[in-house]
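Written out below as structure tokens is the structure these notes cover.
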Amino acid sequence: MNGEGLRLELDDVHVESLVPAELLDLDVESFLSRYADCDRAMAARHASATEAGAALRYVARLDVAGNVSVRLENVPEQHPFARINLTDNVVRFVTERYHENPLIVQGPGAGPDVTAAGVFADLLRLGTYLGASL
């Protein structure tokens, strides 16, 4: 790296959506009536991870070449990601210096109340932007 950072766009991120492809283009009513059908597949992934002594976690990865992904992964029970508490966030840095013993930063995330307030504030801003009178 040259000290300028890594320039990425949202399209550079390879995301495994938690929403199955067949539900993506549905209207809200159809989505809500069909999303429970996908529970079996997710329950099977969870059971498979547990059987393998792992935890199922949504993991984001970024490497020095700029490869970025966000996907559901099985992580070993001993992995820091498997041992998070409730709304914790965990970042694991693997670098030249921290290769054998990666640097772990862990702490509370926003949690449901703060997240809900943020989403509500975003909706209010969007409504104002679209011309709604509040």
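Read-outs: derived from the displayed coordinates by stated rules, not from any lab. No experiment lies behind these values; they were computed from the predicted model shown. Here Cβ is always computed from backbone atoms with ideal geometry, including for glycine, and neighbour counts include all displayed protein chains.
When only residues in region 1-30 that are in a loop (DSSP other than H, G, I, E, B) and acidic (Asp, Glu) count, which is farthest from Pro80 (Cα to Cα)?
The initial filter retains those residues of region 1-30 that are in a loop (DSSP other than H, G, I, E, B), namely 1-9, 16-20, 24-27.
Then keep just the ones that are acidic (Asp, Glu); that gives 4, 9, 16, 25, 27.
Numbers: Glu4: 30, Glu9: 28, Glu16: 21, Asp25: 36, Asp27: 38 Å.
Here the residue is Asp27.
All but one of (1) in contact (Cβ under 8 Å) with a residue 24 or more places away in the chain; (2) outside any strand (DSSP E or B) hold for Thr50; state the number of the condition that does not hold.
Failing condition for Thr50: (1).
Checking the structure you have, find out if any residue of region 31-45 is outside any helix (DSSP H, G or I) and over 24 Å from Gly111 (Cα atoms).
Restricting attention to region 31-45, the residues satisfying the condition of being outside any helix (DSSP H, G or I) are none.
Checking region 31-45: not a single residue is outside any helix (DSSP H, G or I) and over 24 Å from Gly111 (Cα atoms).
Mind telling me which of the residues Gly66, Gly127 ends up being of a type outside the set (D, E, K, R) and not in a helix (DSSP H, G or I)? Give the derivation first.
Details: Gly127 fails: not in a helix (DSSP H, G or I).
After ruling out the rest, the residue left standing is Gly66.
Applying the selection to region 62-82, what residues are closer than 15 Å to Arg92 by Cβ and of a type in the set (Asp, Glu)?
Within region 62-82, Asp63, Glu73 qualify.
From the set of residues in region 55-103 that are under 18 Å from Ser17 (Cα atoms) and polar (S, T, N, Q), which is surrounded by the most Cβ atoms within 10 Å (Cβ to Cβ)?
The residue in question is Asn74.
Say whether the condition of being surrounded by 13 or more Cβ atoms within 10 Å (Cβ to Cβ), in contact (Cβ under 8 Å) with a residue 12 or more places away in the chain and under 18 Å from the mean Cα position of the chain (by Cα) is met by at least one residue in region 110-124. Explain how you work it out, then say what you get.
In the first step, residues of region 110-124 are kept if they are surrounded by 13 or more Cβ atoms within 10 Å (Cβ to Cβ); the result is none.
Checked against the condition, which is being surrounded by 13 or more Cβ atoms within 10 Å (Cβ to Cβ), in contact (Cβ under 8 Å) with a residue 12 or more places away in the chain and under 18 Å from the mean Cα position of the chain (by Cα), region 110-124 yields no hits at all.
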